[in-house]
Amino acid sequence: METELNHMREYYEGGYTKEASWREAQLKGLRSFIIEKQEDIMNALLQDLGKHQVEAFRDEIGTLMKTLNLALKNLKKWMSAKKAELPKIALLTSAEIVPEPFGLVLIISSWNFPFGLSLEPVIGAVAAGNTVVLKPSELSPACSSVLASGLATYLDHKAIKVIQGGPQETQQLLHQRWDKIFFTGSAHVGRIVMSAAVNHLTPVTLELGGKCPAVVDSLSSSWDIEVAVKRIAVGKFGTCAGQACIAIDYVIVEKEYCSKLVELLKVWIKKMFGENPKHTKTISRIVNKHHFFRLKNLLADAKVNESVVYGGSMDEQDLFIEPTILVDPPLEASIMTEEIFGPLLPIITVGKIEDSIKFLRSRPKPLALYVFTKSQTLQRRILSETSSGSLTFNDAILQYAADTLPFGGVGESGFGMYHGKFSFDTFSHHKAIVRRSFLTDFWYRYPPWTLNKLQLLEVSYNYDYLGLLLVVLGLKKPSNRRHF
Amino acid sequence: MSKCYKNSKSRISPRHLSHKYPSLYIRLRRLLLSLIMAANDSGETTSKKEAFDAEACSLLVRKLKETFASGKTRSYVWRVSQLEALAKIFDDNQPQIVDALRDDLAKPPLETVVYEVAMLRNSCKVALKELKHWMTPEKVKTSMTTFPSSAEIVSEPFGVVLIISAWNYPFLLSLDPVIGAIAAGNAVVLKPSEIAPATSSLLAKLLGDYMDNSSIRVVEGAVDETSTLLQQKWDKIFYTGNGRVGRVVMAAAAKHLTPVVLELGGKCPVVVDSNINLKVAARRIIAGKWGCNNGQACISPDHIITTKEYAPKLVDTLKTELEKFYGKNPLESKDLSRIVNSNHFNRLSKLLDDDKVSGKIVYGGEKDESKLRISPTILLDVPQDSLIMSEEIFGPLLPILTVDKLEESIDVINSGSKPLAAYIFTTNKKLKEQFVRTVSAGGLVVNDTTLHLAVHTLPFGGVGESGVGSYHGKFSFDAFSHKKAVLYRSFIGDASVRYPPYTNTKLRLLKALIGGSLLGIIRALFGFS
């Protein structure tokens, strides 16, 4: 492995990846891969996760195409140096910020959106001119191998490699020297990744998870609540069966409104996923037995089981879990303390919707917070009194597709961000450059030090041009300087 | 104690002692201070210092978290009041600051006033001027994919942040990040370096007197106290120092998934070409090297790379200019800082005593252990495997490496770890551009040294071994802020294409929507794609 990486470094030192033409070629290569191999991609997603092809397009393929088009369109602009403003006293001096690639980067991706979460960072890394090693998740093996063969065929294999494997291969990779590590996954592994990065002081971006709550206000208009329910249903069950870092984890609603919400949810779950969701194949499967049993165990507790008001059926053979709703399970139960990552939706009731703010503040900061309300007051309060990676009003998941918004966590949900230009920036070192001329040299920069020089320096630092003139003309009295 | 300072005529005054026998003075002062503290029975501060264990630390962090949770530090009014209080510290206490730095480093007053106080004042000024603008959410455009919607990026404070500072610019490197942290609305714990004890205690006193103690605190101490602090869960850690401790900080942060900024160091090279204004270049190199705390600065020129042919000329000009700056006896010059302590003095002496560089000293090389002084020293033609070329020098020794062709210098630089700064003096456009394009460092300066530190519109930070993250100006505000993405959607305009049951029509429409082309959408709606 080390030899392979050394070769990649040598290739990077050769400067090829810095050229705009190389970067464009890679991005175009990725675009061709997604267009030409779309069927393979969709089949792999179906195989690994039972993901419906429309869901696959909506959440992974479509968003990747959008990102690629954006990157290709803006690459030159992103790569260009930005001039930095200088004070007038800096005559014949120029300053700019130039983005440069870090070098060799490691991208570790996750199994739930294997294409999206692998390639979105790769797009950023490649646009920024880095050489890349991608380690897709072994829990989605079909997708992993489509990625491996696809990238080897469509991209410059000397600079972009896919290394498949499990925890052992990941550990081996983490022992190597990287110039940047981008990790998507759980907080537990996130800590391992960051600790490994310490050895070489490697900068990291950690895209983790958390329990993403949806606060639902008591909406009066029936149109509004129907739209809200649709968006909640799709934001939970329609997004890889709830196995997404930004999927709605649980809902908070006023006690009085709860039954209305539950009824509407039941109606819309049936409309969207059919009377028999297992057969309509509109809902993804659980990724493997380990997670299946983990989810099953969440409902094992008697009190939790009692709180189930809809669904609950599971099929181990098919790794299928029906969309399930719970109302007020005990807050100490695992289902309310761990990230669910599955199609179980607890609804927590509060007296007044404003009480949800206190509830949210007492818990770790999530990757996303969703609030369904028309009240500007509530919107303003939640915006300023809670913290989360992102905050979306009256919808869910959609913020993932907004290129102009940074996508990343805070606190337990991670740090760093990407998407759009933020991807490019996350994989770039922003180098500061100052160019000076020999012609303008201020004599008072140099010792031996005198009071006069001190005065001149002080006014210069204050950009006090009038003061400068006065001192030079000998017209400004020095302030008390007993230490001179 | 302060009364003693006025009588500068007395030969045995503390001020006289501190200049002539710094190491002795420091030891005596510490002894006296500890005796005073032991005898002091109103010892609230004393007992706090002695008992800063894990419990005291937890309590401190808890209190700060409570203050932060109350929302106090988020208001514009609070942030402005604290920044103004900081500015007042600089305005009212300049003599004390100069004295403290003189005690700790024999730093010439001008260096203190200009490089520490003036820079901080400027930082405060910029922050006060721009704060409203920085705090305003940034509206961003939204595309067809999320239509109809509006979006903005809101800067939020992280919460309670830890700032660990260094000893060489103890005021600047403590308070510059504090300015950023406050501007961003955080509560702060500052841990100044114990290697600059006078400044550390002055900072504790001044911040205690002028700032809001419920949200900004100073914890003094050394390794033990730092370790205790690092065990806590911080919302952000900002560290200035060396790579070894930087790793300790990052490892501690990893346990709590705390984001960090590490401002480290490196061997900052200076490439010197032949066709230049040598006098001006030499002056700028000297100002950046010995004029910056006597070479004890993270962006000080560490070593020079020039051609074999040009080296003698460069050495001569450096010698001439050095004499103009510091006189014939630079060891005695008041315009040079001393070496901070005997540890570093011994470390630097070892570099000079290395066999591989014997006979290479062409200027200086004088040492005075009792005063912790080493004169500006130039070494010529040092081998690349000598001790002096294997670690960051951080002192008044300037080795010159010679190459045959100047283009080789870029390979020499790139073969080492990425430094915090790199400098080149040349009028050759091609070489200039090659240098800028291929040398990777935190920052680069062409035809000068260290200046980029003062430009607040440039990010100041390292890459690779020289660090992670950056600050200064708005970059400070950003370093201490979480950029929260906020998307506003309404209930009107609900595109059912997103929802199951999934159909081919929906797939076609989705393709068109995500593609963002209006024509595509129309075609899909009419079933033409």
Which ranges mark the helices (runs of 4 or more DSSP H) fully within region A:215-312 that have 3 or more residues being surrounded by fewer than 16 Cβ atoms within 10 Å (Cβ to Cβ) and under 28 Å from the mean Cα position of the chain (by Cα)? A:289-298
Condition check for A:ALA401: among the hydrophobic types (A, V, I, L, M, F, W, C), at pLDDT below 95 and touching a helix residue (DSSP H, G or I) at 6+ places or on another chain (Cβ under 8 Å): yes
Counting only residues in region B:444-459 that are facing chain A (nearest Cβ under 7 Å) and touching a residue at least 24 places away in the same chain (Cβ under 8 Å), the one surrounded by the most Cβ atoms within 10 Å (Cβ to Cβ) is identified as B:VAL445
Is region B:337-350 home to any residue that is out of contact with any strand residue (DSSP E or B) (no Cβ under 8 Å at 6 or more places or on another chain), in contact (Cβ under 8 Å) with a residue 40 or more places away in the chain and within 26 Å of B:LEU444 (Cα to Cα)? yes
B:ALA311 fails exactly one of the following numbered conditions: (1) touching a strand residue (DSSP E or B) at 6+ places or on another chain (Cβ under 8 Å); (2) within 30 Å of B:VAL113 (Cα to Cα); (3) of a type in the set (A, V, I, L, M, F, W, C). What is the number of that condition? (2)
Name every residue in region A:404-421 that is within 7 Å of another protein chain (Cβ to nearest Cβ) and more than 18 Å from A:LEU208 (Cα to Cα), in order of residue number. A:THR404
Against the definition (in a loop (DSSP other than H, G, I, E, B), at pLDDT 95 or above and hydroxyl-bearing (Ser, Thr, Tyr)), how does A:SER479 come out, yes or no? no
Apart from one, (1) more than 26 Å from B:ARG373 (Cα to Cα); (2) part of a helix (DSSP H, G or I) all hold for B:ILE388; the odd one out is (1)
Tell me yes or no: at least one residue of region B:73-87 is within 14 Å of another protein chain (Cβ to nearest Cβ), closer than 30 Å to B:GLY180 by Cβ, loosely packed, with under 14 Cβ neighbours inside 10 Å and at pLDDT 65 or above. yes
Scanning region A:74-97 for residues that are away from chain B (no Cβ under 11 Å) and either free of Cβ contacts under 8 Å to residues at least 12 places away in the same chain or acidic (Asp, Glu) (or both), the one surrounded by the most Cβ atoms within 10 Å (Cβ to Cβ) turns out to be A:SER80
Of A:LEU475, A:LEU398, A:LEU457, A:LEU439, which residue is more than 30 Å from B:LYS233 (Cα to Cα) and more than 9 Å from chain B (Cβ to nearest Cβ)? A:LEU475
Kindly provide the set of residues from region A:423-436 that are more than 9 Å from chain B (Cβ to nearest Cβ) and crowded, with 21+ Cβ neighbours inside 10 Å, ordered by number. A:SER423, A:PHE424, A:THR426, A:PHE427, A:SER428
If a residue counts only when it is within 25 Å of B:THR240 (Cα to Cα), which helices (runs of 4 or more DSSP H) contained entirely in region B:415-529 have at least 1 such residues? B:474-479
List every residue pair whose Cβ atoms sit under 6 Å apart, with the two residues 6 or more apart in sequence or on different chains, where the first one lies in region A:449-471 and is exposed (fewer than 15 other Cβ atoms within 10 Å of the Cβ) and the second, anywhere, is at pLDDT 80 or above and of a type outside the set (Lys, Arg). A:TYR463/A:PRO87
I'd like to verify a number: residues in region A:100-121 that are in contact with a strand residue (DSSP E or B) (Cβ under 6 Å, 6 or more places away or on another chain) and away from chain B (no Cβ under 14 Å), how many? 8
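Right, A:ALA148: over 29 Å from A:ILE286 (Cα atoms), in contact (Cβ under 8 Å) with a residue 12 or more places away in the chain, in the same structural domain as A:GLN172 (by TED's automatic domain parsing) and out of contact with any helix residue (DSSP H, G or I) (no Cβ under 7 Å at 6 or more places or on another chain) or not? Talk me through it step by step, then tell me what you get.
Details: over 29 Å from A:ILE286 (Cα atoms): no; in contact (Cβ under 8 Å) with a residue 12 or more places away in the chain: yes; in the same structural domain as A:GLN172 (by TED's automatic domain parsing): yes; out of contact with any helix residue (DSSP H, G or I) (no Cβ under 7 Å at 6 or more places or on another chain): yes.
So A:ALA148 fails the test.
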Quick one: in region B:472-505, which of the residues that are in contact with a Pro (Cβ under 9 Å, 6 or more places away or on another chain) and farther than 30 Å from A:GLN376 by Cβ is farthest from the other protein chains (Cβ to nearest Cβ)? B:SER476
Would you please name the residue that is farthest from the other protein chains (Cβ to nearest Cβ), looking only at residues in region B:127-143 that are assigned to a helix (DSSP H, G or I) and surrounded by fewer than 16 Cβ atoms within 10 Å (Cβ to Cβ)? B:LYS132
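Hand me the list of helices (runs of 4 or more DSSP H) wholly inside region B:187-283 holding 1 or more residues that are closer than 23 Å to B:GLY442 by Cα and within 14 Å of another protein chain (Cβ to nearest Cβ).
B:243-256
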Could you please tell me which pairs satisfy a Cβ distance under 6 Å, a separation of 6+ or placement on different chains, a first residue in region A:167-180 that is within 17 Å of A:SER109 (Cβ to Cβ), and a second residue that is part of a helix (DSSP H, G or I)? A:LEU174/A:ALA196
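The values are calculated or read from the model by the stated rules, or taken from the named source; none is laboratory data. In this text, all values refer to a predicted model and were calculated from it rather than measured experimentally. Please note: Cβ atoms are built from the backbone with ideal geometry, for glycine as well, and neighbour counts cover all protein chains shown.
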